[in-house]
Amino acid sequence: DGGITQSPKYLFRKEGQNVTLSCEQNLNHDAMYWYRQDPGQGLRLIYYSQIVNDFQKGDIAEGYSVSREKKESFPLTVTSAQKNPTAFYLCASSTGTGPVHPLTGELFFGEGSRLTVL
Amino acid sequence: KNQVEQSPQSLIILEGKNCTLQCNYTVSPFSNLRWYKQDTGRGPVSLTIMTFSENTKSNGRYTATLDADTKQSSLHITASQLSDSASYICVVRRLNSGYALNFGKGTSLLVTP
């Protein structure tokens, strides 16, 4: 079945450690995204990538890093510079971001990864 | 300032009853509006998309409406089921905005037996 796989589902980190969240998709989508979800807040965009070997910062990129070496994969690293990393992280993909296609841009989400800093 | 406001923040209804969730937005120029359902601890799933020319769209027991003049959308759930318990998120896309989306904070719905 086509979809997005995130791992791990739960992750605990000590302060000062970097952690990497995995995101793999087999939907053949060009665009991939990382969002952060906190209680009582809307989803906030961390990074997005429209094509292999290219990515752009979203609204809250500080303390995070990404790579896009393969179309299928878009891992997110939460670095020790992120001051408040405890959150639910969602990876998503879409068929494209072209403005001439209003029906594109539906986000297909993974199951999420919950990161807790101890 | 969040350009997408959802109400109510939370809602509890009895199984079998109907309910309506609201989404008001100020995003302009408007491209489309999607409603997503997010089960607890899971990723959101798209329920329906509304474009500028559409007033009503149904997906099973879910019916979304859009009034582009007043910038309001609603999601009506008919004959609620326990499995409808979830957070419902309104997402508005600005025309020619590329990747950028505007997320509401969601309405948390609990359906009780």
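The values are calculated or read from the model by the stated rules, or taken from the named source; none is laboratory data. None of these values were measured; they are calculated from a predicted model. So basically every Cβ, Gly included, is an ideal-geometry build from the backbone, and we count neighbours across all protein chains shown. Heads up: the accessible areas ignore ligands, DNA and RNA and are worked out on the full protein's heavy atoms, side chains in. Shrake-Rupley method; radii C 1.70, N 1.55, O 1.52, S 1.80 Å.
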**Prompt:** Is region A:11-22 home to any residue that is within 10 Å of the chain's Cα centre (by Cα) and on the phi < 0 side of the Ramachandran plot?
**Reply:** yes
**Request:** Please go through region B:24-47 and pick out each residue that is under 23 Å from A:PRO8 (Cα atoms) and touching a Ser or Thr at 6+ places or on another chain (Cβ under 7 Å).
**Result:** B:GLN38
**Message:** Being under 14 Å from the mean Cα position of the chain (by Cα) and open to solvent by 50 Å² or more (accessible area, probe 1.4 Å) is true for just one of B:THR40, B:THR56. Which residue is that?
**Reply:** B:THR56
**Prompt:** Out of (1) more than 11 Å from the chain's Cα centre (by Cα); (2) surrounded by fewer than 20 Cβ atoms within 10 Å (Cβ to Cβ), what's the single condition that is false for A:THR77?
**Reply:** (1)
**Message:** Looking only at region B:72-101, filter to residues that are modelled with pLDDT under 95 and open to solvent by 60 Å² or more (accessible area, probe 1.4 Å); which one of those is farthest from B:GLN38 (Cα to Cα)?
**Reply:** B:ASN96
